[in-house]
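Any read-out appearing in this document is the output of simple, stated calculations on the displayed coordinates, not a laboratory observation. Being a predicted model, the structure only gives us computed values, none of them experimental. Virtual Cβ from ideal backbone geometry, glycine too; neighbours counted across all protein chains shown.
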Amino acid sequence: MNTDKSTRYRCPYTHEPLTLERGRLVAANGRSYRIEDGIPHLINFAEESFSPEEEREHAYYQASSDSYDAVMDWVFKSFYESEDRFRGTMIDLLELKPGDRVLETGAGTCRDSVHIGRRIGPNGELFVQDLSSHMLAIGRRRMQTSARELPRTEFFVGNAARLPFADRSFDAAFHFGGINLFTDRAKAIAEMARVVRVGGKVVFGDEGLAPWLRNTTYGEILQNSNKLYRYTPPIDLLPECARDASIRWLLGNAYYVIDFRVGEGPPPLDLDLPIVGRRGGTHRTRFYGNLEGVTPEAKVMAEKAAQASGLSLHEWLDKALRAAAKERA
């Protein structure tokens, strides 16, 4: 771990700053995190509550990390796809430039990390996370073989749903492979958005067959071989700050990729601009101004009176209610 970069880290549970003390990262509240072979372990497994499926996957990757790359080679060969082209297409969506600071979660053996590193160059900053320390160890060796063209990369073990960084710490965040099995997918996506600056990009994806192929022979064969292809993209879990969101299917239309730009809160909307039309009112008054139900006859009378006065129904009701309330005050 680069000691200069250690100040970037925050406690994943409280977001308090961490300082490097005697080979551990320590928060003012007393929480501390070990560093093994230069990789901080920014997680307390005793405080986590992973689903049984995610726990099984973690155990699998810890035990099978050495064979993972062979499986990936087979996947690209089976789809007649160039791995460099495929990964490059995803990385394009991040809109990176030299010198950017990027976070990658669920990086595994860093097959995407190399592509990201080449885009941001030696002056960029890349932080790489995975739940499996064994996978990260392999990934770090991969990154070290191309050290001249890549930024100095920081690796850490952690939970993608509890990122150890302050808000707006990165220019972009990336994840590919694994989010289907996260215990809290919505929180993991929200965390990526939280740590990316306004205007920056979040890109993530995983297995998930395109809907138009699910009931075809092609789709049934894939889903029979690997149940992960049955997952659907969590487009409904994007945070309200997501802007310009899009979804696409790549690699045999068996993998989805979602990208969005980080905005500030919900999209801008004038809630008080009068709505044109007979009903009138505004978005705000229509939502917050609902009254007790009236009889159908009374509603018809109000509509006729509003029409005769040349006012919208909202304007007529508002004036009538104010006058009646003031008279009886």
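Some points to look at:
- Residue of GLU191, GLU292, GLU220 that the Gaussian network model of the chain assigns the largest fluctuation, springs spanning Cα pairs under 10 Å: GLU292
- Computed from point charges on the beta carbon alone (+1 for Lys and Arg, -1 for Asp and Glu), the dipole magnitude for the chain about its Cα centre is near 740 Debye.
- Furthest towards positive pole of dipole, GLY88, ILE235, TRP249, structure part the stretch 39-262, Cβ charges: GLY88
- Pairwise Lys count, the chain - Cα closer than 19 Å, eight or more residues apart or different chains: 4
- Point-to-point label distance, ASP84-ARG142, nm (Cα→Cβ direction, 7 Å offset): 1.5 nm
- Most mobile listed residue (HIS314, HIS58, HIS134) in the chain, GNM with C-alpha springs under 10 Å: HIS314
- Charged-residue dipole, Cβ positions (Lys, Arg, Asp, Glu), the stretch 143-257 about Cα centre, Debye nearest 20: 80 debye
- The stretch 283-327 - charge dipole about Cα centre, Lys and Arg +1 at Cβ, Asp and Glu -1, debye rounded to 20: 160 debye
- Surrounding net charge for LEU93, when Lys and Arg each add one and Asp and Glu each subtract one, Cβ distance under 13 Å: 0
- Per-residue ellipticity at 222 nm computed for the chain from its helices equals -11000 deg cm²/dmol, with DSSP H segments shorter than 4 residues left out and the rest contributing -39,500 (n - 2.57).
- Taking the chain and dividing mean pair separation by its residue count, relative contact order in percent (alpha carbons under 8 Å, at least six apart): 13 percent
- For the pair TYR13 and ASN226 in one chain, pulling the backbone fully straight at 0.36 nm per residue adds 73.2 nm over the alpha carbon distance.
- Computed FRET value (nearest 0.05) for ALA28 with ILE247, which takes r as the C-beta separation and R₀ as 45 Å: 0.60
- Qualifying trypsin sites (Lys or Arg not before Pro) for the stretch 202-245 [loop in DSSP, other Cβ within 10 Å: at most 16]: ARG214
- Matching label, volume of the Cα convex hull per residue in Å³ computed from the structure shown, candidates (i) 217; (ii) 153; (iii) 139: (i)
- When the chain is treated as a Gaussian network with alpha carbon springs shorter than 10 Å, the biggest mean-square fluctuation among GLU47, GLU81, GLU16 belongs to GLU47.
- Dipole of the stretch 39-262, positive direction: furthest Cα of TYR68, ILE258, THR145, with charges on the beta-carbon: THR145
- Cα-Cα pairs of the stretch 156-240 separated by more than 14 Å (percent): 66 percent
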